[in-house]
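Shown next, in structure tokens, is the structure this report addresses.
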Amino acid sequence: MSNLNNMTIAAARDALRKGEVTAVELTESCLSQIEQADALGAFVHKTPEIALEQAKAADARGHEGADLNGIPLGIKDLFCTKGVPTQAASGILDGFKPEYESTVTSQLFNAGAVMLGKLNMDEFAMGSSNETSVYGNAVNPWRRSGDEAPLTPGGSSGGSAAAVAADLCLGATGTDTGGSIRQPAAFTGITGIKPTYGRVSRWGIVAFASSLDQAGPMTKDVRDAAIMLGAMSGHDPKDSTSADLPVPDFEAMLTGDIRGKTIGIPKEYRMEGTPQAIEKLWEDGTAMLKDAGAKIVDISLPHTKYALPAYYVIAPAEASSNLARYDGVRFGHRAKLDAGDGITEMYEKTRAEGFGDEVKRRVMVGTYVLSAGFYDAYYNRARKVRALIKRDFEAVFADGVDAILTPATPSAAFGLGEMIDADPIQMYLNDVFTVTVNLAGLPGISVPTGVDKDGLPLGLQLIGRPWEEGDLLNTAYALEQAAQFVAKPARWW
Ligand code: GLN
């Protein structure tokens with residue numbers, strides 16, 4: 001078999017079980033693709049020795065067991081991996097090699113998965129274009145037709161998205177605080193699910209905004225997302241917000257039968273300035289679900305317009321607190337000090353050198369909104385808005401809506417550098433359809449369903465009821481079956 005790296009997780013699992021391939025062959029195929037793809041900037045730290053060792057062990061165990069046994073994956077640089085550099089794409093974590101393994105990666109490795117390396121991302125997961133990375137940006141494998149301008153793979157999980165879309169790995173981990181799994185998935189024509197807050201342990205994942213952060217899989221299709229999510233999920237006593245709930249067999253729930261399901265179309269997501277192609281994509285997706293037997297209803301989520309401002313108060317507030325630990329004492333980088341410098345100078349110089357501009361902006365905004373004089377005006381008000389946004393969703397679910405269909409992003413992938421000089425708010429607008437889901441703690445999935453006039457992939461988002469990822473994945477599966485998105489980027493790297 002050739003091009004083993006192009007396989008889905010499900011196809012590779014089945015081929016491994018039949019003895020048609022070995023985990024070592026699969027892994028070697030991915031490693032050789034990774035070597036040819038440096039132009040994509042997806043992998044920031046390659047771990048071929050670990051990968052081959054894990055693959056050999058997987059073959060030795062035999063492939064009758066776990067679904068992920070011998071499956072080569074990429075790991076976002078936000079996940080602590082024992083003894084392997086983990087920098088959250090930040091200069092301040094230069095040289096940091098964790099003494100421990102995150103719960104998610106240990107669960108994946110216990111299931112037999114193979115780690116190919118660490119993937120690029122926005123610094124501390126703050127961004128929508130992967131351009132805030134200390135390693136430089138990742139590049140989208142897709143280009144506009146007839147145009148060589150490099151495009152962003154989205155962010156913050158841009159390396160994960162680029163690696164999966166370019167078939168450098170079979171699947172990857174991502175994290176999503178305001179859209180960082182779903183937006184890059186949409187920009188690169190792949191599938192990404194952010195599960196219900198609490199479904200996946202946050203332990204050992206470098207924290208950005210703890211009440212919003214959730215990890216999830218980024219994969220080539222919905223079935224793979226179901227398989228990988230199953231392995232990543234579950235209760236973890238080391239994360240007090242992790243839910244003690246059974247993890248269903250998500251893959252077994254993919255019947256494609258959505259007859260009788262009610263899908264809500266929220267009018268507030270019809271925003272001015274949304275490109276025609278996205279409007280059309282949304283209409284087409286609605287028709288596909290209807291044809292599959294779902295009932296389509298118009299719904300209202302009245303507080304949607306306050307979501308982005310509330311998110312950009314809450315997320316920086318939590319980030320400013322979480323990032324206080326990077327002080328030059330415990331982890332990574334410490335600035336060179338001048339004679340006479342004391343501890344204050346050490347903190348100041350280390351943080352000034354170690355953090356990039358976007359991270360500094362968030363820390364400043366966060367400390368401001370939490371400061372004594374402004375706490376009520378900003379932080380507490382944002383928390384109240386958050387409660388209202390959550391209540392909007394609860395009301396439509398109580399009315400019988402099973403899932404909500406929206407666009408995943410307000411545009412297709414944009415050019416690298418295009419937003420650099422723009423007002424930062426322009427970049428923040430990328431999250432307009434996704435942040436509501438994090439604020440409400442709900443599961444959301446992005447599925448590629450079409451292309452724009454330039455041939456770039458576009459995704460739709462489905463938002464589900466809490467803890468019902470299985471049902472959500474099944475609706476996504478029905479959408480995927482109907483959309484038949486099979487386009488691949490033309491290889492230029
Ligand atoms: N783009 C959003 C931000 O910059 C979301 C990032 C994320 O989900 N990690 O905050």
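The values are calculated or read from the model by the stated rules, or taken from the named source; none is laboratory data. The model shown is predicted, which means the values in this text are computed figures rather than measured ones. As a convention, Cβ positions derive from the backbone with ideal geometry for all residues, glycine included, and neighbour counts pool all protein chains shown. For the accessible areas, the whole protein counts, side chains as well, though only heavy atoms, and no ligand, DNA or RNA atoms are used. Shrake-Rupley method; radii C 1.70, N 1.55, O 1.52, S 1.80 Å.
Structural remarks
- No other residue among Glu64, Glu25 is open to solvent by 50 Å² or more (accessible area, probe 1.4 Å), within 29 Å of Phe250 (Cα to Cα) and either at pLDDT below 95 or β-branched (Val, Ile, Thr) (or both) apart from Glu64.
- The single condition among (1) more than 12 Å from the ligand (Cβ to nearest atom); (2) of a type in the set (Gly, Ala, Ser); (3) at positive phi; (4) open to solvent by 10 Å² or more (accessible area, probe 1.4 Å) that Gly198 does not meet is (4).
- Contacts under 9 angstrom Cβ, first residue in the range 429-444 being in a helix (DSSP H, G or I), partner within 12 Å of the ligand (Cβ to nearest atom) and β-branched (Val, Ile, Thr), 6 or more apart: Asn430/Thr409; Asp431/Thr409; Val435/Thr177; Asn438/Thr177; Leu439/Ile314
- When Leu388, Leu416, Leu429 are checked against the criterion of being modelled with pLDDT of 95 or more, within 21 Å of the chain's Cα centre (by Cα) and open to solvent by 10 Å² or more (accessible area, probe 1.4 Å), a single residue qualifies: Leu416.
- Restricting attention to the range 274-319, the residues being away from the ligand (no atom under 16 Å from the Cβ), closer than 30 Å to Phe208 by Cα and open to solvent by 70 Å² or more (accessible area, probe 1.4 Å) number 2.
- Checked against the criterion of being of a type outside the set (A, V, I, L, M, F, W, C) and surrounded by 14 or more Cβ atoms within 10 Å (Cβ to Cβ), the candidates Gly340, Gly354 yield just one match: Gly354.
- Which numbered condition Gly400 fails, given (1) touching a Ser or Thr at 6+ places or on another chain (Cβ under 9 Å); (2) buried (at least 18 other Cβ atoms within 10 Å of the Cβ): (2)
- Condition check for Ser180 on (1) more than 12 Å from the ligand (Cβ to nearest atom); (2) touching a strand residue (DSSP E or B) at 6+ places or on another chain (Cβ under 9 Å); (3) part of a loop (DSSP other than H, G, I, E, B): one failure, at (1).
- Scope the range 363-376; condition open to solvent by 50 Å² or more (accessible area, probe 1.4 Å) and either in contact with a Leu (Cβ under 9 Å, 6 or more places away or on another chain) or part of a helix (DSSP H, G or I) (or both); matching residues: Met364, Val365, Thr367, Tyr368, Leu370, Tyr375, Asp376
- Residue that is nearest to the ligand (Cβ to nearest atom), among those in the range 121-141 that are in contact with a strand residue (DSSP E or B) (Cβ under 7 Å, 6 or more places away or on another chain) and closer than 26 Å to Leu308 by Cβ: Ala125
- Residues located in the range 9-22, provided they are buried (at least 18 other Cβ atoms within 10 Å of the Cβ) and touching a residue at least 40 places away in the same chain (Cβ under 8 Å): Ile9, Ala10, Ala12, Arg13, Leu16, Thr22
- Scanning the range 72-129 for residues that are under 24 Å from Ala324 (Cβ atoms), free of Cβ contacts under 8 Å to residues at least 40 places away in the same chain and open to solvent by 10 Å² or more (accessible area, probe 1.4 Å) turns up Lys97, Glu99.
- In the set (1) part of a helix (DSSP H, G or I); (2) in contact with a Ser or Thr (Cβ under 7 Å, 6 or more places away or on another chain), Ala60 fails one condition alone, (2).
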